Structure formats: C-alpha cells, structure tokens
Amino acid sequence: MTFIPLFIDFRDKWVIVFGGGSVGTRRALEFARAGAKVTVVADRFSHELEVAALSGEVELIRRSLRPGDDVAPLLRGKALAVIATSDPALNEYLSESAASAGLLVNNATEASQGDVVFPFRAEPIPGLYIAVTTLGASGIAARWARDRALKCLASDGELRTLLDVMTEFKRQLKSRVGDAKERLGLYFMVESDPTFRDLVSRGDREGALRRALELAGLL
C-alpha cells in the first residue's frame, strides 16, 4: 500500500477543480467550506456552484477544455487538483498535467491516476474522526463500512469517556511536563493501569482523570 492516510488543513491553500457537475460541485464546496481558495473550471456549472460564486465562496472559470490544451496557467500556484469531468481522456490528460506541475491530484473517476483519494468520513463521537476508503475499488462498500463503524462507535460510552478524560489529561500534562518523550511514557502508563481502565469502563470521568493525574505525579 503506497497511500498514507492523513488529515490535512487546507485553509488558505489553493485548489483547482475541473468539472462543474455533481462530483466537482461536492468537492469544490467541501474545500471552500474548509477554508481553501477554490477555482472551478468547466464549460457549465451546477446551480450550487453559481450560488457559491455569487457569495465569493468559489471562483468560476467558464472554459471548454480538450486534451492537449495549455492548462499550465490554470495550475500555477495551486496545491491540489481535483479532476471530475465527464471525459475520461480529458481527465487523464489533466491528471498528468497537474502531476507534472507538482500538484497533488485527485482523479474522482479513476483513483489510479492520482495520489489523493477522498474517503468517506464521519465523527461518531465529538472530537473523534474516522475515514474509510477502498482506494477507488468500491465507494458503496466504503460507505457501508463507514456507516457500520459510525453506528458501532457512536454507542460506545467507554470510548467517549476515554476520549474526554485523555483530552483533559493531555491538556494538563502538556502545561506541566515539558519533555514530550516523558509525556509519551506517562500516556502509556496511564492507559495500562487496571484502576484507570476500570474507572473508564464505569463512565467515571472525574475518578479516571484523578487517577491519571495521580499516576503522573501531578496530584
């Protein structure tokens, strides 16, 4: 497997989307709402994109492209290209052009022609994010897997307690223990402590946090 799963902050980064249909619209708006600067290039645009352009969320460039056209000016300064036209040959050409220009590439119609794959995402517990993909083999299967994981994790009270407690423990630890290596050792020590784990399993947030702080020598 050559793909590495990452969560990337795209605020103020430039993204270009080729294609103004349903997929191009969805991805353009997703990036725009995450704070990216988005340009969409297509010969026609969805109503949603036209509305978004009126409010300044995205920039629209109306242009009909064919394989071989000079797209270098469109790619200049961009961090990521999303390829989502209805023409397979054009998609391949745009993917190759964007990759040659040094951009990250998401080909929405053929994952093998890019180096970025969009997963199905969810937040089953506030602050806990999951992402599932089959790397283009089957979006339906990935979506089913996401939904099953969401259902399972959303009802996991023990995990919710653990996240709340460890979030607060980490906050306090970082403010009082400057050595990152030392903090890492304390995290693992707390996690393996039977008393701490029992308190977490019983949903005792205050007790579990107190135990964690005791183990770290902070009480």
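If only residues of the range 1-30 that are open to solvent by 20 Å² or more (accessible area, probe 1.4 Å) and among the β-branched types (Val, Ile, Thr) are counted, the one that is farthest from His47 (Cα to Cα) is Thr2. In the range 36-46, how many residues are in contact with a strand residue (DSSP E or B) (Cβ under 7 Å, 6 or more places away or on another chain), outside any strand (DSSP E or B) and open to solvent by less than 40 Å² (accessible area, probe 1.4 Å)? Summing the residues that are in contact with a strand residue (DSSP E or B) (Cβ under 7 Å, 6 or more places away or on another chain), outside any strand (DSSP E or B) and open to solvent by less than 40 Å² (accessible area, probe 1.4 Å) in the range 36-46 gives 2. Figure legend. Inter-residue proximity from the range 43-62: first residues closer than 18 Å to Ile83 by Cβ, second residues open to solvent by 80 Å² or more (accessible area, probe 1.4 Å) and of a type in the set (Ser, Thr, Tyr), beta-carbon distance below 8 Å, spacing 6+ or different chains. Indicated pairs: Asp43/Ser64; Ser46/Ser22. Residues that are within 30 Å of Ala216 (Cα to Cα), of a type in the set (Phe, Trp, Tyr) and surrounded by 19 or more Cβ atoms within 10 Å (Cβ to Cβ) do occur in the range 153-174, at least one of them. Scanning the range 91-132 for residues that are among the β-branched types (Val, Ile, Thr) and open to solvent by less than 40 Å² (accessible area, probe 1.4 Å), we see that the one that is nearest to Leu163 (Cα to Cα) is Ile125. Criterion applied to Leu150, Leu219 was being open to solvent by 40 Å² or more (accessible area, probe 1.4 Å), without any contact (Cβ under 8 Å) to a residue 60 or more places away in the chain and in contact with a strand residue (DSSP E or B) (Cβ under 6 Å, 6 or more places away or on another chain), and the one residue passing it is Leu150.
Based on this model, can you work out whether Gly207 counts as closer than 13 Å to Val165 by Cβ, of a type in the set (Gly, Ala, Ser) and touching a Gly at 6+ places or on another chain (Cβ under 8 Å)? Walk me through it before giving the result.
Numbers: closer than 13 Å to Val165 by Cβ: yes; of a type in the set (Gly, Ala, Ser): yes; touching a Gly at 6+ places or on another chain (Cβ under 8 Å): no.
So Gly207 fails the test.
Residue selection: Asp115 satisfies the criterion of being of a type in the set (Asp, Glu) and touching a strand residue (DSSP E or B) at 6+ places or on another chain (Cβ under 7 Å). Filtered by the rule that a residue be within 30 Å of Gly157 (Cα to Cα) and touching a Pro at 6+ places or on another chain (Cβ under 6 Å), the range 92-132 gives Ala131, Val132. A residue that is in contact with a Phe, Trp or Tyr (Cβ under 9 Å, 6 or more places away or on another chain) and in a loop (DSSP other than H, G, I, E, B) cannot be found anywhere in the range 47-61.
For the structure I just gave you, tell me whether Gly136 is open to solvent by 50 Å² or more (accessible area, probe 1.4 Å) and modelled with pLDDT under 95. Don't jump to the end; show me each part of the working.
Details: open to solvent by 50 Å² or more (accessible area, probe 1.4 Å): yes; modelled with pLDDT under 95: yes.
Yes, satisfied.
Listed by first and then second residue, the pairs with beta-carbon distance under 6 Å, at least 6 apart or on different chains, first residue in the range 5-21 and charged (D, E, K, R), second part of a loop (DSSP other than H, G, I, E, B), are Arg11/Gly35; Lys13/Ala36; Lys13/Ala79. Of all residues in the range 73-90, those that are open to solvent by less than 60 Å² (accessible area, probe 1.4 Å) have Cβ atoms under 8 Å from Cβ atoms of residues that are assigned to a helix (DSSP H, G or I) and of a type in the set (Lys, Arg), 6 or more apart or on another chain, in Val82/Arg27; Ala84/Arg27.
The values are calculated or read from the model by the stated rules, or taken from the named source; none is laboratory data. Just so it is clear, the structure is predicted and the values come from calculations on it, not from any experiment. Quick reminder, even Gly has a Cβ in these numbers, built from the backbone with ideal geometry, and neighbours come from all protein chains shown. The area values use the complete protein model at the heavy-atom level, side chains included, leaving out ligands, DNA and RNA. Shrake-Rupley method; radii C 1.70, N 1.55, O 1.52, S 1.80 Å.
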